[in-house]
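Chemist: The structure is given below, and queries will be raised subsequently.
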Amino acid sequence: KQVERATQLAKGQDVPNAKFELMDALNMEYPDNSFDMVWACESGEHMPDKTKYVNEMLRVLKPGGRLIIATWCQRDNLDALKASGASEEAMANAYENLVGFTDEEKSRLDFLYREWAHPYFISYEEYARVCERSGMATDITTDDWAQQTIPSWRHSVWAGVYDP
């Protein structure tokens, strides 16, 4: 139904050449180097393997292309993780990456995991490190859009409460 709805909305916005497909983001059916740009909007938080997710998007991205990831993230805790003796790669793994988080922060994250069926989050800084470790990305920049998205986030929450 999402593909059908997206197609209807695109036509309603006079974008008749838009094409929507449903497929596994961790194993896309596209050949290597297929796209000039890959835009991932609010999907990373749902992925059970963040490294595989990023690497798959980089695989289908043409050399010199642009990858944009807009997703739910947690705060970065690389320093606490390193101090604990864990590997840097553990940052991108489920539940291994909460070193240095308070019990209250862990409780809030757990609520989001359960309420929204997210496996786990990583920081936007960790997404950049995953890109760096891939060996497929250069000129990596990040930005925190949390403050700019709060108004639409609040609207989404209330819309879900009143019209689930």
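Chemist: Checking the conditions here, which among Val38, Val3, Val54 is modelled with pLDDT of 90 or more, assigned to a helix (DSSP H, G or I) and under 25 Å from Glu125 (Cβ atoms)?
Modeler: Val54
Chemist: Of the conditions (1) among the acidic types (Asp, Glu); (2) buried (at least 16 other Cβ atoms within 10 Å of the Cβ); (3) assigned to a helix (DSSP H, G or I), Asp76 fails just one. Which one is it?
Modeler: Looking at each condition in turn, Asp76 falls short on (3).
Chemist: How many of the residues in the range 3-39 are open to solvent by 70 Å² or more (accessible area, probe 1.4 Å), among the polar types (S, T, N, Q) and more than 22 Å from Arg59 (Cα to Cα)?
Modeler: The qualifying residues number 3.
Chemist: Go through Ala90, Ala86 for me and flag whichever is free of Cβ contacts under 8 Å to residues at least 12 places away in the same chain and either of a type in the set (Val, Ile, Thr) or open to solvent by less than 70 Å² (accessible area, probe 1.4 Å) (or both). Before the answer, list the steps.
Modeler: Details: Ala86 fails: free of Cβ contacts under 8 Å to residues at least 12 places away in the same chain.
It is Ala90.
Chemist: A further question follows. Can you tell me which residue is farthest from Ala83 (Cα to Cα) among those in the range 99-133 that are free of Cβ contacts under 8 Å to residues at least 24 places away in the same chain and not in a helix (DSSP H, G or I)?
Modeler: Thr102
Chemist: With respect to Cys41, determine if the residue is in contact (Cβ under 8 Å) with a residue 40 or more places away in the chain and under 16 Å from the mean Cα position of the chain (by Cα). Break it down stepwise before answering.
Modeler: Working: in contact (Cβ under 8 Å) with a residue 40 or more places away in the chain: no; under 16 Å from the mean Cα position of the chain (by Cα): yes.
Here the answer is no, as Cys41 does not meet what is asked.
Chemist: Tell me which residues, restricted to the range 103-130, are over 16 Å from the mean Cα position of the chain (by Cα) and under 13 Å from Asp76 (Cα atoms).
Modeler: Within the range 103-130, Glu105 is the sole residue that qualifies.
Chemist: Residue by residue through the range 131-156, note down the ones that are over 15 Å from the mean Cα position of the chain (by Cα), within 21 Å of Arg75 (Cα to Cα) and among the aliphatic types (A, V, I, L, M).
Modeler: Ile140, Ile150
Chemist: Give just the number: which of (1) closer than 23 Å to Leu26 by Cα; (2) in contact with an Asp or Glu (Cβ under 6 Å, 6 or more places away or on another chain); (3) not in a helix (DSSP H, G or I) does Arg66 not satisfy?
Modeler: With respect to (1) closer than 23 Å to Leu26 by Cα; (2) in contact with an Asp or Glu (Cβ under 6 Å, 6 or more places away or on another chain); (3) not in a helix (DSSP H, G or I), Arg66 is out only on (2).
Chemist: Any residue that is part of a loop (DSSP other than H, G, I, E, B), of a type in the set (A, V, I, L, M, F, W, C) and under 20 Å from Asp49 (Cα atoms) - is there at least one of those in the range 136-153?
Modeler: yes
Chemist: Name the pairs: first residue in the range 134-152 and closer than 16 Å to Glu42 by Cα and open to solvent by 70 Å² or more (accessible area, probe 1.4 Å), second residue part of a helix (DSSP H, G or I) and not hydrophobic (A, V, I, L, M, F, W, C), Cβ to Cβ under 6 Å, at least 6 apart or on different chains?
Modeler: Every condition considered, the pairs that remain are Thr142/Tyr124.
The values are calculated or read from the model by the stated rules, or taken from the named source; none is laboratory data. Since we're looking at a predicted model, the values are computed, not measured. Positions of Cβ are generated from backbone atoms using ideal geometry, with glycine treated the same way; all protein chains shown enter the neighbour counts. These area figures cover heavy atoms from the full protein model, side chains too; ligands, DNA and RNA do not enter into them. Shrake-Rupley method; radii C 1.70, N 1.55, O 1.52, S 1.80 Å.
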